[in-house]
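Student: So that we are looking at the same thing, I have put the structure below in structure tokens.
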Amino acid sequence: MQPSLTGAQTIVTPDQHVLSLNVQPHFFTLADNFTRRYSFDGEGRLIGAFREGINYRRGLRGDVLRKQSLAPGQKLRHMLNQDERQNFLHEMVTHMSQLAGQLEASQQPELNAWLERILAWDVPRLEAERERFDAIYKPISILPPDHYQAVVVQATEGCSWNRCTFCTLYHDRPFRIKGPTELCQHIHEVKGLLGHGMGLRNAIFLGDANALIIPQPRLRELLEVVQREFALGTGNRLRGIYAFLDIFGAERKSVAAYRELREAQVRRIYLGLETGDPEVFGLLNKPGSPAACVEVVQAIKAAGISVGVILLAGAGGERLAAQHVANSLRIVGAMGLGEGDLVYLSPLMVPDESPYLAQLRDANSQPLDEQAIDVQLDLLKAGLKAHVDPATKVVLYHLSEFIY
Ligand SMILES: C[S@@+](CC[C@H](N)C(=O)[O-])C[C@H]1O[C@@H](n2cnc3c(N)ncnc32)[C@H](O)[C@@H]1O
Ligand code: SF4
């Protein structure tokens, strides 16, 4: 019996290939001559690749996102179409079986088991994951970037508001809240889909757009199901529950209700403030108001739950840019953010026929182009440094980088 192998290791094959391995209980990475690298989850499914200087991420649904740096600060992000994706997977499967052949001479039990699991996934099987995923989940439209590795549990579907002028993320479904039995069944299916891939997941994200607006008695029941099913609070690697909340719903919960959520393992709540400027806020047709958002954030934080506040870079266009930046910094500065809190900057991306653009025209403003949005991103980043406690993280939230 060979000694067991966990951790990083380099193997030089007889034909002088340098293979770098990282064998872990929950993931496996294999790099060939430092030019190609593949990563796999506990089931042996591809989750990431690096080839010819280009990064690829494969989500649980099987979508593949290509990310390429063109110049400093300039990135190309592209979701592969079906043909591109299948060619990419075909090349990966062929390459992996060649590499596995080269590793035969140095086999060790864990390595052997990983290679067997990985080679069991051919292109049709990898592609069939899409149907399995779609049978369990409604499309996962967006997550905060720190939760791409969470287990998403859809306690609700859609957005209870769904009328912000710039946002089309949940237009494909009506809002509804699941009951405890349906949620339990959903969680069992999610666990089945993840299998040993569960080992890579570090938190629960309660979907969809604003799950925490569920009235407290029903929410309590649903959170109990989540806590029980994932054994939250028992020292496993799942850090707790995270979710979105819109400001309208948030106005209705008291500090005591948020304390109860904290007890139920809710750890951070994400709110789309988008702008601190009341005029821009009106153009966006967000529910609530910037001032109400400050009160909501203070109530959430008073209960010991962290927040993630999202700002839209570019909102309000040219004419309103200065007041959007100044008032956003003022409002976020008034929230008392600190350790554990986040501010996300999301560059506004809207299609030509967006009702937001009609609102902007009526307000005699012009949309900002990509470069101007980048300039505003830098202004917001620099301004936030001066307006919020330095322990608050400021992070880019790019819709086109999202993959689950
Ligand atoms: C699920 S919502 C956030 C939580 C909650 N529904 C709310 O609105 O407060 C998702 C976030 O995605 C971002 N988003 C939506 N549409 C966008 C767009 N067209 N361009 C850029 N960011 C967008 C917004 O910042 C929005 O707050
Ligand atoms: S921004 Fe939030 S509240 Fe507005 S429509 Fe989108 S998901 Fe709903």
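Student: Each residue of region 207-220 in order: what ³J(HN,Hα) in whole Hz does its phi give by Karplus 6.51 cos²θ - 1.76 cosθ + 1.60, θ = phi - 60°, with x for Gly and Pro?
Tutor: Coupling constants for region 207-220: x, 9, 6, 7, 4, 7, 7, 4, x, 3, x, 6, 4, 3 Hz.
Student: If you place +1 on the Cβ of every Lys and Arg and -1 on the Cβ of every Asp and Glu, how big does the dipole about the Cα centre of the chain come out, in debye to the nearest 20?
Tutor: In total the dipole reaches around 840 debye.
Student: Moving to a separate point now. With no solvent and one point on each alpha carbon, what is the Debye value of log10 I(q)/I(0) for region 202-296 at q = 0.10, 0.18, 0.19 Å⁻¹?
Tutor: Evaluating at q = 0.10, 0.18, 0.19 Å⁻¹ gives log10 I(q)/I(0) of -0.29, -0.81, -0.88.
Student: Over the alpha-carbon set of region 7-127, divide Rg by the Kirkwood Rh and report the Rg/Rh ratio to two decimals.
Tutor: A ratio of 0.97.
Student: Still on this structure, please answer the following. Treat each spin label as a single point 7 Å out from the Cα along the C-beta direction, and report the Gln102 to Ala372 distance in nm.
Tutor: 5.2 nm
Student: Compare the Cα positions of Ser400, Leu357, Tyr344 along the charge dipole of region 341-404 (+1 at Cβ of Lys, Arg; -1 at Cβ of Asp, Glu; about the Cα centre) and return the one farthest towards the positive end.
Tutor: Tyr344
Student: Quick check of the Kirkwood formula: for region 1-67, what is the inverse mean of 1/r over all pairs of different Cα atoms, in Å?
Tutor: Across region 1-67, the inverse of the average 1/r is 12.9 Å.
Student: What percent do you get for the relative contact order of region 281-384 when only Cα pairs under 8 Å and 6+ apart count?
Tutor: Relative contact order for region 281-384 comes out at 36 percent.
Student: I would also like to ask the following. Could you estimate the translational diffusion coefficient of the chain from the Stokes-Einstein equation, with Rh from the Kirkwood formula over C-alpha pairs, at 10 °C and 1.306 mPa s, in whole µm²/s?
Tutor: Roughly 69 µm²/s, to the nearest whole number.
Student: Sum up the lysine pairs in the chain that clear both bars: alpha-carbon distance under 14 Å and a spacing of 8 or more or different chains.
Tutor: Taking the chain as the scope, the lysine pair count is 5.
Student: Could I ask something else about it? What Kirkwood Rh does region 82-127 have if only Cα atoms enter the pairwise 1/r average? Answer in Å.
Tutor: Result for region 82-127, one decimal place: 11.3 Å.
Student: Output the peptides 43-51, 170-178, 203-211 sorted from most to least packed, where packing is the average of other Cβ atoms within 10 Å over each peptide's residues.
Tutor: 203-211, 43-51, 170-178
Student: Hey, what's the Cα Rg ratio for region 327-404 versus the globular rule of thumb, 2.2 N^0.38 Å?
Tutor: Taking N as the residue count of region 327-404, the ratio is 1.27.
Student: Something else: Kirkwood hydrodynamic radius of region 246-404 from all distinct Cα pairs, in Å?
Tutor: For region 246-404, inverting the mean 1/r across all distinct Cα pairs yields 16.0 Å.
Student: A further question follows. Putting +1 on Lys and Arg Cβ atoms and -1 on Asp and Glu Cβ atoms, find which of Val23, Val64, Gly101 reaches farthest to the positive end of the dipole of region 7-127.
Tutor: Towards the positive end, the residue furthest out is Val64.
Student: To the nearest Å, what is the center-to-center distance of region 46-110 and region 386-404, using C-alpha atoms only?
Tutor: If you average the Cα positions of each part, the centres end up 26 Å apart.
Read the figures in this text as sums done on the coordinates, not as results from a lab. These numbers were taken from a predicted model, which means no experiment stands behind them. All Cβ positions, glycine included, derive from the backbone under ideal geometry; neighbour counts span all protein chains shown.
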